[in-house]
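Each remark here refers to the structure printed beneath this line.
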Amino acid sequence: MEIKPVGIALVGCGGMGLRHVRGYAALRNAGTPGAVLAAVCDTNAARRAEAVELYRALTGEVVPAVARMEDLTALRDVVAVDVAVPTAYHLPLALEAFGRGLHVMVEKPIALTVRSARRMTEAAAEAGLVLAVAENFRRVPGNRAFRALLDQGEIGRPYFTTSTLSIPSSMLHPTGGEVAWYRDQSLSGSLVALEMGVHEMDLLQYWFGPARTVDAVVRTYEPELVHADGSTTTVTSEDTCLARVDFDDDLSAQVTLTMAGHGEPLGQRLVVGSRGSVSSACWEGWQDGWIALDDGTRVPVEDRIRAWVDGLDADAREHWLPLGTWNPDDITLDVQDPVRYGVAYEIHDFARAVATGGRPEIGGPEGTDDLAAAIALLESSLSGGPVQVADVAAGVVTRWQDPLDERLLAADGTRDGAR
C-alpha cells in the first residue's frame with residue numbers, strides 16, 4: 001500500500017525530542033515514505049534552535065520553528081503532532097491538538113493516570129483522529145524475534161521470567177537533555193514505575209499477554225539529586241521498584257528496577273520454560289545471551305534473532321522492518337541510535353496509521369493497558385499488598401492516582417463520569 005507524506009510537527013525539543021529529530025532524519029535519508037518532519041515547536045527558543053540545527057546538520061533541510069501549538073495552524077503541511085514533553089502535559093496538549101484537527105502521538109507513558117489516558121482516547125475517537133503512543137522497546141528486532149520464538153514454542157511453556165536494571169541517575173539520558181523533571185512526581189508521576197516501568201510492562205504484556213496481579217514495593221533511596229556543580233534537586237518521585245507480576249498460565253515475572261544504582265551498572269533478562277531458557281545481558285532487549293535447550297542446543301541469542309529476520313517474507317519484512325527503521329548490518333540495540341532503538345519505527349508506524357486510516361500498533365487502548373499495569377506497581381506499594389491490574393484499569397483502585405487526577409482533570413474541566 002502506498003503511504004503518502006504525513007507532515008508532523010515535533011512538540012517538545014528536549015532530550016527525547018532530539019532523539020525523535022534523529023529518527024525523522026533517518027527516515028528522510030533512507031527515503032522511507034510517510035513521516036515528514038514539517039516543524040518543531042517548543043516554548044524555549046534555545047531548544048527550538050538546537051532541534052532545527054540538528055535536523056539541518058543531518059539532512060541539509062531547515063524546518064520552521066514555532067513557540068506554541070496554536071502557531072502550527074499557519075503551517076498547512078502540518079496534519080499531526082509528535083508530543084515529546086513531560087508526561088503531565090500529555091493530556092492538555094493532546095486535547096488541544098485534537099481540538100485543532102491534528103493527529104497525535106505522545107511519548108510513553110500515555111498519561112499520568114488511567115482517567116487521563118481514557119480522556120485522551122475518548123477525545124481522539126470523538127474527533128476521528130489517530131492517537132498513538134511512542135513505546136519504542138518492542139519495535140527493536142530482537143524483541144520482535146523473541147515474541148516469535150515464544151509463539152513457536154522453542155523453549156516450551158514459559159514458567160517464569162526475571163529482569164534487572166540497576167543504573168545511576170547519570171545514565172538516565174545518555175544523549176543529553178534535561179532530566180530533573182523525571183524526579184518531580186507532579187511531572188513524571190514516578191521515575192521508576194512510569195518512566196521506566198511502563199517499558200517493562202509493555203514488553204512483558206507484548207510477550208506474555210495481559211498482566212493479572214502485581215505485588216510491589218516502590219521506594220526512594222536517594223531523596224536528593226546532587227548535580228555536578230554541587231547544586232541539589234529534591235526528589236519527589238521514586239527511584240526503585242521490586243515487584244512480582246503474575247500472568248495467566250501460572251507465569252510470574254520478578255522485576256527489579258533502580259535508578260539509584262551504584263558500582264557496576266547492570267541490565268539483564270532471563271526466561272525459563274519447559275524445554276529451555278533464554279538469557280540476555282541487556283535489559284532493553286535480547287543480546288549477549290544464550291538460548292539453551294534441554295536437547296543440548298546452546299546458541300547465541302543474536303543467531304536466533306538474525307534467523308527470524310532472514311526468514312521474513314516480503315510482506316512481513318515491509319510491515320515489521322520497513323526501510324529506515326532498522327539497521328540490516330547491526331540488529332543489536334543501541335540506546336543512542338534512533339534506528340537501533342525503535343524510535344524511527346514508532347514514528348513510521350504513526351505516520352502509516354495517519355496516511356492509511358488504520359490503527360497504530362500502540363494506540364490509546366494499548367497505551368492505557370500498559371499504563372494501568374505500571375500504575376499497579378504504585379497502587380500495590382501504597383496499599384501494602386497485591387492488586388489486580390484489571391481493577392486499576394477499571395478505575396476501582398485509584399488511591400495513588402487520586403491526587404494527580406484532582407489536578408489534571410480539574411484543569412481539563414472534567415470530572416469522573418462527566419465530560
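Let's see how each residue does on (1) open to solvent by 20 Å² or more (accessible area, probe 1.4 Å); (2) out of contact with any Lys or Arg (no Cβ under 8 Å at 6 or more places or on another chain); (3) in a helix (DSSP H, G or I):
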position: Glu284; (1), (2), (3): yes, yes, no
position: Ile291; (1), (2), (3): no, no, no
position: Gly296; (1), (2), (3): yes, yes, no
position: Ile305; (1), (2), (3): no, yes, yes
position: Glu318; (1), (2), (3): yes, yes, yes
position: Pro328; (1), (2), (3): yes, yes, no
position: Gln336; (1), (2), (3): yes, yes, no
position: Val339; (1), (2), (3): yes, yes, no
**Prompt:** Which ones in segment 26-84 are modelled with pLDDT of 95 or more, out of contact with any Ser or Thr (no Cβ under 9 Å at 6 or more places or on another chain) and basic (Lys, Arg)?
**Reply:** Arg47, Arg48, Arg56
**Request:** Taking the residues in segment 5-24 that are among the hydrophobic types (A, V, I, L, M, F, W, C) and crowded, with 23+ Cβ neighbours inside 10 Å as candidates, determine which candidate is farthest from Val83 (Cα to Cα).
**Result:** Val6
**Item:** Residues within segment 36-49 that are surrounded by 13 or more Cβ atoms within 10 Å (Cβ to Cβ) and either aliphatic (A, V, I, L, M) or part of a helix (DSSP H, G or I) (or both), tallied
**Value:** 8
**Message:** Just to be sure before I move on: is Ala376 at pLDDT 95 or above and not in a loop (DSSP other than H, G, I, E, B) in the structure I sent?
**Reply:** yes
**Fill in**
The one condition Ala355 fails out of (1) part of a helix (DSSP H, G or I); (2) open to solvent by 10 Å² or more (accessible area, probe 1.4 Å); (3) out of contact with any Lys or Arg (no Cβ under 6 Å at 6 or more places or on another chain) is (3)
**Request:** Output the qualifying pairs, or none if there are none: Cβ atoms under 8 angstrom, residues six or more apart or on different chains, first residue in segment 375-402 and among the basic types (Lys, Arg), second residue open to solvent by less than 40 Å² (accessible area, probe 1.4 Å).
**Result:** Arg399/Glu379
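Going by what's in this entry, would Trp290 be described as more than 30 Å from Leu225 (Cβ to Cβ) and not basic (Lys, Arg)? Show your work before the answer.
Numbers: more than 30 Å from Leu225 (Cβ to Cβ): yes; not basic (Lys, Arg): yes.
Taking the combined requirement at face value, the residue satisfies it.
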**Message:** Contact list please: Cβ distance under 7 Å, first residue in segment 57-73 and touching a residue at least 24 places away in the same chain (Cβ under 8 Å), second residue of a type in the set (Asp, Glu), pairs at least six apart or on different chains.
**Reply:** Met69/Glu96
**Item:** Selection count where residues are in contact with a Ser or Thr (Cβ under 9 Å, 6 or more places away or on another chain), in a loop (DSSP other than H, G, I, E, B) and not basic (Lys, Arg), scope segment 85-100
**Value:** 1
**Prompt:** Filtering segment 232-273 down to residues that are among the hydroxyl-bearing types (Ser, Thr, Tyr) and open to solvent by 50 Å² or more (accessible area, probe 1.4 Å), which residue is modelled with the lowest pLDDT?
**Reply:** Thr232
**Prompt:** Which of the residues that make up segment 149-168 are under 21 Å from Arg244 (Cβ atoms) and of a type in the set (S, T, N, Q)?
**Reply:** Thr161, Thr162, Ser163, Thr164, Ser166
**Message:** Which of the numbered conditions does His90 fail, given that it passes all the others? Conditions: (1) under 15 Å from the mean Cα position of the chain (by Cα); (2) surrounded by fewer than 24 Cβ atoms within 10 Å (Cβ to Cβ).
**Reply:** (2)
**Request:** Could you list, in sequence order, all residues of segment 4-35 that are part of a loop (DSSP other than H, G, I, E, B) and touching a helix residue (DSSP H, G or I) at 6+ places or on another chain (Cβ under 9 Å)?
**Result:** Lys4, Pro5, Gly12, Cys13, Gly14, Thr32, Pro33, Gly34
**Fill in**
Note on segment 184-206: residues in contact with a strand residue (DSSP E or B) (Cβ under 8 Å, 6 or more places away or on another chain) and open to solvent by 10 Å² or more (accessible area, probe 1.4 Å) are Met196, Gln205
**Asked** Which condition does Gly417 not pass, out of (1) surrounded by fewer than 19 Cβ atoms within 10 Å (Cβ to Cβ); (2) out of contact with any Ser or Thr (no Cβ under 7 Å at 6 or more places or on another chain); (3) under 29 Å from Gln185 (Cβ atoms); (4) modelled with pLDDT of 95 or more, if it passes all the others?
**Response** (4)
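Return the residues of segment 50-70 that are part of a helix (DSSP H, G or I) and open to solvent by 60 Å² or more (accessible area, probe 1.4 Å); say none if nothing qualifies. Spell out how you get there, then give the answer.
So the first thing to find is which residues in segment 50-70 are part of a helix (DSSP H, G or I), and the list is 50-59, 69-70.
Residues satisfying the conditions are Glu50, Glu53, Arg56, Ala57, Leu58, Glu70.
The values are calculated or read from the model by the stated rules, or taken from the named source; none is laboratory data. Note that this is a predicted model, so its numbers are computed, not measured. All Cβ positions, even for glycine, are placed from backbone atoms using ideal geometry, and neighbour counts span all protein chains on display. Keep in mind that these areas ignore ligands, DNA and RNA; they rest on the heavy atoms of the full protein, side chains included. Shrake-Rupley method; radii C 1.70, N 1.55, O 1.52, S 1.80 Å.
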